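One structure is given here, and the rest of the page talks about it.
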């Protein structure tokens, strides 16, 4: 991670703050539009981070060190 790149938690916290401001209804329209655009960028960053984590967590390391998709057999 680059030095100036925020963590997932920091991005999520900022996103939550923007949502609260917008929900209050006390934000001027121009500011609300800017805040909305920033919120969409943050939501995309958070989504990408979560998808990346899910991809990593769905892999299992084989004995030879290679990664393979992890699947659970759900026999009933």
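What relative contact order, as a whole-number percentage, does the chain give when Cα pairs under 8 Å and 6 or more residues apart are counted?
It comes to 25 percent, rounded to a whole number.
Between residue 48 and residue 29, the contour length at 0.36 nm per residue exceeds the alpha carbon distance by 4.0 nm.
Only Cα sites of the chain enter the Debye sum here, all with the same form factor; the resulting log10 I(q)/I(0) across q = 0.13, 0.16, 0.23 1/Å is -0.59, -0.73, -1.03, listed in q order. Of the residues 63, 23, 48, the one that moves most in a GNM of the chain with alpha-carbon contacts below 10 Å is 63. Mean residue ellipticity at 222 nm, helices only, the chain: -21000 deg cm²/dmol; runs of at least 4 DSSP H residues each add -39,500 (n - 2.57), and the sum is divided by the number of residues. At full extension, residue 38 and residue 58 could sit 4.2 nm farther apart than now, given 0.36 nm per residue minus the alpha carbon distance. Here residue 6 and residue 67 are evaluated by their C-beta separation; at R0 = 22 Å the FRET efficiency comes out at 0.20.
Read-outs: derived from the displayed coordinates by stated rules, not from any lab. Predicted model, so just to flag it, every value in this text is computed and none were measured. Cβ sites come from the backbone with ideal geometry, for glycine too, and all protein chains shown count toward neighbours.
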